[in-house]
Structures are given as C-alpha cells and as structure tokens.
Amino acid sequence: MMKTDRIQAFSDGIFSILITILVLEFKLPDGYVQGNLLQAVLQQWPTLVAYVMTFTYIGILWLFHHDMFSCVQRIDARLNILNLSSIFLITLLNYSMSLLAESLVTLNTRDLQFALTFYALLALGISMSYFAFYHYLAHKPSLLASSRYQLQFRRLQRCPLLSSSIYFAALLAANLKVYAGLIFLVAGILFHGF
C-alpha cells in the first residue's frame, strides 16, 4: 500500500505544474506595435478572465484534495486509480481555459456555447470524480483516519453532489442562453470556495 504522503506529494506536484502552465497562455499579442503595449494587453482581457476563473478553480480543487486526503490514513489500489482519474480530468482544465479564452475573443455564440459546454462537462466530470472518492471512502472506513477526521469527511462528502447540480445547470444553460451558462459555471467554481 502506498503511503498517503506519497500520493499527496504527487498530486501537489501536478496541481503546482497545472497552475504554472496556465500563465503560459499569456504572450505578447499579435500585431503589437511599439508604444501601444497597454492597448495590446487590454485586448487580452478574455485570456485574463479565463485564467482567473481556471486558476481559482484549480486552487479550490487542490484545497479540496488536500482536505479529503487529510482524512485518509491508508491508500489502496482503487483509491490510487480514483486519484489518477480525477487528476487526469483536472489536467484538461488548461485546454478548456484556452477554448474559453479564444471564444471570448471572438464572442461567436456557437464557439462560446461549445467552450462553455466543454468546460461545464469537464467540471461536472471533476465533481463526479470527487463524488466517487467520497463514495468509495464511505464504504471503506478502514482507510479513513480518526473519528475527528470522519466528521470532517462526512461534511465534505455533500459538496460534489451540490457542485454537480450547478455544473449540470451550467451545461443546460450554455445551450439555451450562453451567458447564463457562464454565470452558472462561475457560480459552481465560487460555490467550492464557500
């Protein structure tokens, strides 16, 4: 069995790399003319919006991951696979951020709809992966730490179902009213912070 500190160190490394890679989306804008740097940077507002949203989401997911694994005393193979599956989905956030930023630049409704649908589906998948963690651990209490942590675990266990509902609403709304989808998506991310 793997020790919990090993899986946490691995996961922390992935989260750190993901957050670092996000900033690589910022480049000197195409068509930059010397003396107009401020205007060129202001034209990158879509990338900044998508970056702040995704950075916040990854940071919150990392905190949830940390809180969840603070309740775990032992890791088995299935929990390790659940962790890798969740991290796989989380690594796709950089791509979804790029899609969202690009669609915000053009403000093309179909592109924005696709980008929001992709992001909402991914967020829904991530929430469901956290639900799978909690569901598995609820049926394997021998993997959990002391009773003090079990209370914290039970409190955290409800969050993925609530966030899944919000992301599902974002998914539906994105295909009906694009900006309503964006509002639900941001609401889902902010929900995790409270």
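Out of everything in region 24-40 that is in a helix (DSSP H, G or I) and open to solvent by less than 70 Å² (accessible area, probe 1.4 Å), what residue ends up being modelled with the lowest pLDDT? Steps first, please.
First, the residues of region 24-40 that are in a helix (DSSP H, G or I): 24-25, 37-40.
Okay, now just the ones that are also open to solvent by less than 70 Å² (accessible area, probe 1.4 Å), so 25, 40.
Details: Glu25: 78, Ala40: 82.
Going through the qualifying residues, I end up with Glu25.
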Report task. Tell me which of these Gly188 doesn't satisfy, since it passes every other one: (1) surrounded by fewer than 20 Cβ atoms within 10 Å (Cβ to Cβ); (2) within 30 Å of Trp45 (Cβ to Cβ). Result -> (1)
Requested in this report: Could you please find all residues in region 41-87 being crowded, with 17+ Cβ neighbours inside 10 Å and in contact with a strand residue (DSSP E or B) (Cβ under 9 Å, 6 or more places away or on another chain)?
Outcome: Cys71, Val72, Leu79
Query raised in the report: Within the set of pairs 6+ apart or on separate chains, which have a first residue in region 82-104 that is under 16 Å from Thr117 (Cα atoms) and touching a residue at least 60 places away in the same chain (Cβ under 8 Å), a second that is among the β-branched types (Val, Ile, Thr) and open to solvent by 30 Å² or more (accessible area, probe 1.4 Å), and C-beta atoms under 7 Å apart?
Result: Asn94/Ile21
Query - helices (runs of 4 or more DSSP H) contained entirely in region 80-194, each with at least 2 residues that are of a type in the set (Val, Ile, Thr) - result: 93-106, 109-138, 178-192
Report task. Take region 1-23 and flag every residue that is loosely packed, with under 14 Cβ neighbours inside 10 Å, modelled with pLDDT under 85 and part of a helix (DSSP H, G or I). Result -> Asp5
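The values are calculated or read from the model by the stated rules, or taken from the named source; none is laboratory data. It should be emphasised that the depicted structure is a prediction, and the values quoted were computed from it without experimental measurement. Using ideal geometry, Cβ is built from the backbone for each residue, glycine included, and neighbour counts are taken over all protein chains shown. We work out accessible area using only protein heavy atoms, side chains counted, and drop any ligands, DNA or RNA first. Shrake-Rupley method; radii C 1.70, N 1.55, O 1.52, S 1.80 Å.
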